[in-house]
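Bear in mind that the values in this text are calculations on the coordinates, not laboratory data. Remember, it's a predicted structure, so these values are computed and weren't measured experimentally. Using ideal geometry, Cβ is built from the backbone for each residue, glycine included, and neighbour counts are taken over all protein chains shown.
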Amino acid sequence: MSIDYSLFANVSASVPAIWHYSTGLVSLLCLICGTLSNGIVLFIFIKDPNLRQPRNFFIINLAITDLGLLLSNNTLHVIASFKKQWIFGQIGCNLYAICGGVFGLGSVTTMAAISITRLVAVIRPLSSLTLSSQFTIKCLIYSWIYGSIWIMPPLFGWSRFVFEGFGTTCTFDYFSRGYWDKLFILTLVTGGFLIPLSIILLSYKFILIKLNRRSRRLTYRNSDEQNLQLRSRQSNVYSFQSANSVTDTRKQSETVTICEANGENQIVRNSYLTEARARRTVLYICAIFCIAWGPYALTAVLSQFGFDRFITPYTTAMLGLFTKTAACVNPLIYALSSVTFRQQLRSLMNSFYTCGQTSHSLSP
């Protein structure tokens, strides 16, 4: 397969050096921050046996795909940006585009798989206990295969890879507007973006609906039980003739009612807190997914329908950086929803702080 080097052959030279250095610096920061965040997620999940559960394999896989995307794409992009031109030839361009597609679409597919597992966990709370490692690994293999098939056609002659942005990155060709080029872009965007996005949105929508219904049931049950206890207390009060007995019964009944009401109220409050945390997590996940991948997918589609005049090297360079930025924070969002992970992260931070204090006290 030959890659079209002519489309952006003169772009690198015409772009001011400050733009090359700026995008290279941003890409370098993403590389450093993303490597640290994904590395911490992998370290904690692998280190703690309580987190090495099949249901968490998806988060580990997400960290692997995002880390692979950063190490393969950002590393080459940083070097090319500071050199102000692509220096890795055809093999490097092939590697960049393929790794970007495999790891990027693999990350998107993994997020869709996580949303499905969370939906199943809400519908069937005990499902995570019966989830086997073998079944989870099979699901991960399928997600890798599904994410990879969409970027492979250019290797076999369907579409091609071209330079993108300032001529320091490579991607699939969304500039050509032939029939087969349009078909490839629509297929790629539908299978690699729209289908996973629909799965994510629908799954989390049903999760929120299920949690909301559960909270309402707890609220209604709490209200009904309090009313029943109140009627029972009044019945007990009027069933005794002695004033002292009435007083004692009233006090005991009030005490029991207050304790039981507090217990039920605590359950309702916990349910509300769970629902609020779920809403925040869903909001973060969907927002980052759409911000990172939505503009890029939209640009690829618009370019096929006569709107390519709005697509410049500057816009495509910025959109390419957005997709890399999401790889820095995705695993943390998912991992921080785990109480055990937060505890282990806090313990790790305390260990670093203690080591820093000790080394500072020992220094002359």
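Across the range 46-191, how large is the tail of the calculated P(r) beyond 27 Å, expressed as a percent of all Cα pairs?
I get 35 percent for the Cα pairs in the range 46-191 exceeding 27 Å.
With the cut-off at 14 Å, report for the range 149-204 the share of all Cα pairs above it, as a whole percent.
60 percent
Of the listed peptides 51-62, 80-91, what is their order by residue-averaged count of other C-beta atoms within 10 Å, with the highest listed first?
Packing order, densest peptide first, comes out as 51-62, 80-91.
Looking at the P(r) of the range 96-159, how many percent of alpha-carbon pairs lie beyond 16 Å?
Roughly 55 percent, rounded to a whole number.
Taking 0.36 nm per residue of separation and subtracting the Cα-Cα distance, what length does fully extending Cys290 through Leu36 add? Spell out each step's value before the answer.
Numbers: separation 254, 0.36 × 254 = 91.44 nm, distance 2.35 nm.
Full extension from Cys290 to Leu36 adds 89.1 nm.
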